[in-house]
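Notes for the one structure printed next.
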Amino acid sequence: MADSSLPTNIQAGLALRDIHLPTPIQWWPLAPGWYGLVLVLLGGIAGIIYLFFFRKHQRVKRDAQRLLKTYILSYQQGAAVEVVCSQISELLRRVAIYYYPRENIAGLEGDTWLNLLQEKPVVDPALLRICLLEKPYQPTVSTRSDAIEKQMADLFKFARQWIGRRKYRV
């Protein structure tokens, strides 16, 4: 309503229009800081996922190495050679089943099993044949010769290296 005490030309100029609100601020496109935050969050999530799988692989290797150490200690405390060879053969097969597809590993025996173990020859294949394929099925012998001691030391070294070289699941 206009004030009647004012002249008519001033009253016409005072006719106000309604208040127009500015257009609402839209959320897209994001400000540059939001892009940075999204990248940091995605990188963090990817890092956590990678560490989860990496730690799992490391845990398998650590557990296998720990179990191998207990087998070595039991051998040093007088366990039968045949029993320790059987335990190491089983341990290597369990590690192989974890790192390779089960269907490809579970049925391997004899030379095909030794060929998988010998991907990078670091030990005499005859030693592996004797220690992993023959000794576990022989009757227990109570005497230990220097040759057997050397074979067992080489087998322990091979098993430690073979387990340590496992990196990624196939």
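The values are calculated or read from the model by the stated rules, or taken from the named source; none is laboratory data. Just so it is clear, the structure is predicted and the values come from calculations on it, not from any experiment. Here Cβ is always computed from backbone atoms with ideal geometry, including for glycine, and neighbour counts include all displayed protein chains. The area values use the complete protein model at the heavy-atom level, side chains included, leaving out ligands, DNA and RNA. Shrake-Rupley method; radii C 1.70, N 1.55, O 1.52, S 1.80 Å.
Looking at (i) 80, 29, 27; (ii) 79, 50, 13; (iii) 128, 32, 22, which value of Cα extents along the principal axes in Å comes from a calculation on the structure shown?
(iii)
Quick one: grab Rg to one decimal and Dmax as a whole number for the range 50-118, Cα atoms only, in Å.
13.9, 42
Relative contact order for the chain: what is it in percent, counting Cα pairs under 8 Å that are at least 6 residues apart?
Result for the chain is 28 percent.
Under a Cβ-only charge scheme (Lys and Arg +1, Asp and Glu -1), can you give me the dipole magnitude of the range 23-116 about the Cα centre, in debye to the nearest 20?
Dipole about the Cα centre, nearest 20: 400 debye.
Compute the accessible area per residue over the range 45-170, keeping the other protein chains in place, probe 1.4 Å, unit Å².
62
Give me the extension gain from Gln76 to Glu149: residue separation times 0.36 nm, minus the current Cα-Cα distance, reported in nm with one decimal.
Using 0.36 nm per residue and subtracting the Cα-Cα distance, I get 25.3 nm.
I'd like the accessible area for Val123: 1.4 Å probe, protein heavy atoms, all chains in place, Å² to the nearest 10.
The value for Val123 is about 20 Å².
Strictly over 18 Å apart at the Cα level, which of Lys56/Lys167; Lys61/Lys135; Lys135/Lys167 would you flag in this model?
The pairs that break the limit, which is 18 Å between Cα atoms, are Lys61/Lys135; Lys135/Lys167.
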